[in-house]
Each structure stands twice: as structure tokens, then as C-alpha cells.
Amino acid sequence: MYYGMVSAAVIMFGLQFFFNQKYEAECGNGKKASMMFILLSNVVGLFILLAVNGFKMEYTGFTFVFALIAAVNMLLYNICSMKALGKINLSLYSLFSMLGGMVLPFCAGVFFFDEKFTWGKVICLVTVVAALLLNVKKGEKQNGTIYYIGIFVFNGMSGVISKFFQALPYEKTSEAAYSVWSALLTVVFASVALIFMNKDKTKISLKSVCWSSGYGVLNKIGNLLLLVALAQLPASVQYPMVTGGVMIVSTLLSYFTPKKPGVREILSVILSFAGIMALILL
């Protein structure tokens with residue numbers, strides 16, 4: 001069942017890139033447009049999560065503190081992303097983001113929570129890293145090392161924070177309530193940030209609201225599924241599976257877009273699939 005949850009989340013994460021691309025095509029990727037995307041997607045996600053939780057607002061101090069940490073971490077990740085736009089190699093941006101999302105939770109699970117270090121995990125980690133490297137393209141801007149580091153760390157820390165929330169033995173709310181608090185605090189932070197961007201005249205259209213809403217629903221439900229599954233699955237299994245799975249889903253979806261996948265993308269899918277099989281079977 002829990003592997004099914006992770007698989008469903010992977011499909012949602014693969015689909016959410018479509019909504020993100022549509023929003024950027026409509027509004028661009030400037031600072032205010034990006035912050036509006038964060039706000040709109042989290043507002044919609046907040047209502048979805050509240051519905052999942054029966055419109056209840058559960059509270060414990062532990063949950064609130066970790067939701068606050070998660071919200072700050074997400075905002076920092078998005079700030080690094082916005083700062084990076086137009087300044088760094090976009091394929092390397094994706095590489096560092098996905099590597100961080102896989103490697104840091106993997107290490108946290110192995111070194112802090114005594115998760116077994118198996119050959120299947122090693123093979124999966126190596127093959128997925130190789131698959132990510134295959135997608136790095138030359139000839140793009142390559143300055144901005146500080147942004148690479150920030151993107152790697154903050155995206156990776158989202159999984160680490162989730163693991164610590166699930167594993168630490170303190171009184172906590174349900175996963176849905178924790179997600180509600182995280183989304184609510186993100187909405188507050190994004191709203192405050194937008195106050196300081198009032199000179200930017202970026203306009204938000206109805207289409208952009210629809211695209212960001214679709215992203216918000218997929219992202220919040222997908223992350224909730226991962227959080228629930230994380231109570232039973234090791235982080236060192238779940239996050240390599242997510243990274244490899246998202247690569248497979250996004251590549252398959254690209255067949256339905258004008259930009260068809262090339263040989264490198266197909267090879268990366270094969271490597272990712274082999275890694276996931278090793279993770280499950282070994």
C-alpha cells in the first residue's frame with residue numbers, strides 16, 4: 001500500500017511540471033510572478049488539505065515548530081530558484097535540485113535513523129545519479145555556485161524535515177494537519193514578501209490562477225502521500241524511488257509535447273527504472 005502511495009505521488013509530481021510550465025508561459029518567471037505562483041498554489045493546496053483533514057485545525061507545539069521550519073525551508077528554496085533564473089545552467093539547476101531531494105534524505109535515514117545500507121540502495125543511488133547526469137546539457141550559463149548549493153540543500157532538507165517529523169517521539173498531529181500548518185505559514189510568508197514587490201507590475205490572469213491551482217492540488221496531495229508513507233518506509237528507499245520515478249514520468253509525458261525526448265532522456269529513463277527495480281528487489 002505504501003509503495004502505491006509513493007507511486008501515486010510520483011505521478012502527481014510528474015504532472016505538476018506541466019502546470020508549472022503553463023504558468024511560466026502565461027506570466028513569465030520573474031520574482032513577483034514566481035512569488036504569486038507560490039501564494040496561489042499554496043492557497044488552493046491549503047483548502048484541499050483542510051478538506052482532507054475534515055476542516056479541523058489540530059495543533060501541537062511540535063507540529064507547529066516543524067511546519068514553521070518546513071515553510072521557511074520552502075521559501076528559501078524558492079528564493080534561491082528565483083535568484084537563479086537567467087543566471088545558471090538550467091539543466092544543472094534540475095540536477096542539483098533532484099540530487100538534493102534524493103541524497104540528503106537518504107543520508108539522514110542511514111546515519112540518523114539506522115536504516116539499513118543495502119546493495120539495492122547503493123545501486124539505485126548510483127544509477128539515478130548517472131541518469132541525472134545524462135540530462136545535463138552544455139552551452140548554457142554556468143555561473144552562480146551559491147545558487148546550486150542553496151537549491152541542493154533546501155530541496156533536500158524538505159525530505160529531511162519530513163523524516164524527522166515522522167520519526168521523533170513527540171506529541172504531534174496527523175500528517176494532514178501538519179501539511180495544513182505548513183501551507184498556511186507559506187501563504188503568510190509569501191503574502192508578506194509580495195508586499196515588498198508592489199512596484200513590480202506583473203499581472204495575473206485567470207489562466208495563470210488555473211495553472212497554479214492545478215499545481216497546488218497535485219503538489220500538496222503528492223507531498224501528503226509521501227509524508228504518510230514515510231511513517232512506514234525508510235527515507236533511504238522512498239526518496240531515491242521518488243527521484244527516479246519523477247524522471248521516468250516526466251520523460252514519458254514529454255512524448256505528448258512538441259519537445260520529444262532524445263536518446264539521453266530515454267537512457268536516463270532506463271537507468272532510473274533499473275535503479276528502482278534494484279531498490280525494490282535487492
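The values are calculated or read from the model by the stated rules, or taken from the named source; none is laboratory data. The shown structure was predicted, so the numbers you read here are calculated from the model rather than taken from an experiment. A quick note on method: Cβ atoms are made from the backbone with ideal geometry, for glycine too, and the neighbour counts reach across all protein chains shown. For accessibility, only protein heavy atoms count, side chains too; no ligands or nucleic acids. Shrake-Rupley method; radii C 1.70, N 1.55, O 1.52, S 1.80 Å.
Observations, loosely collected:
- Some residue of region 208-222 being surrounded by fewer than 24 Cβ atoms within 10 Å (Cβ to Cβ) and free of Cβ contacts under 8 Å to residues at least 24 places away in the same chain: yes
- Verdict on F47 being of a type in the set (F, W, Y), surrounded by 21 or more Cβ atoms within 10 Å (Cβ to Cβ) and in a helix (DSSP H, G or I): no
- Matching entry among V188, V126 (being among the hydrophobic types (A, V, I, L, M, F, W, C), over 27 Å from T251 (Cα atoms) and open to solvent by 60 Å² or more (accessible area, probe 1.4 Å)): V188
- Among (1) modelled with pLDDT under 90; (2) within 23 Å of N20 (Cα to Cα); (3) not hydroxyl-bearing (S, T, Y) - the single one A183 does not satisfy: (1)
- Criterion violated by M157 - all others in (1) open to solvent by less than 60 Å² (accessible area, probe 1.4 Å); (2) out of contact with any Pro (no Cβ under 8 Å at 6 or more places or on another chain); (3) part of a helix (DSSP H, G or I) satisfied: (1)
- Cβ-Cβ under 7 Å pairs, at least 6 apart or on other chains, region 51-66 side in a loop (DSSP other than H, G, I, E, B), far side open to solvent by 40 Å² or more (accessible area, probe 1.4 Å): T60/E171; T60/K172
- Close Cβ contacts (under 8 Å, 6 or more residues apart or on different chains) running from residues in region 8-23 that are over 23 Å from Q238 (Cβ atoms) to residues that are modelled with pLDDT under 90 and surrounded by fewer than 18 Cβ atoms within 10 Å (Cβ to Cβ) comprise F18/L253.
- Answer from L185, L233, L279, L253 - the residue that is out of contact with any Gly (no Cβ under 7 Å at 6 or more places or on another chain) and part of a helix (DSSP H, G or I): L185
- Of all residues in region 1-44, those that are within 19 Å of S97 (Cα to Cα), open to solvent by 70 Å² or more (accessible area, probe 1.4 Å) and among the hydrophobic types (A, V, I, L, M, F, W, C) total 3.
- Region 193-211 - residue that is farther than 11 Å from K31 by Cβ, more than 23 Å from the chain's Cα centre (by Cα) and among the hydrophobic types (A, V, I, L, M, F, W, C) and, of those, modelled with the lowest pLDDT: I204
- Scanning region 92-122 for residues that are surrounded by fewer than 18 Cβ atoms within 10 Å (Cβ to Cβ) and in contact with a helix residue (DSSP H, G or I) (Cβ under 7 Å, 6 or more places away or on another chain) gives V110, F113, F117.
- Candidates K141, K116, K172, K121, filtered to the one that is at pLDDT 90 or above and outside any helix (DSSP H, G or I): K172
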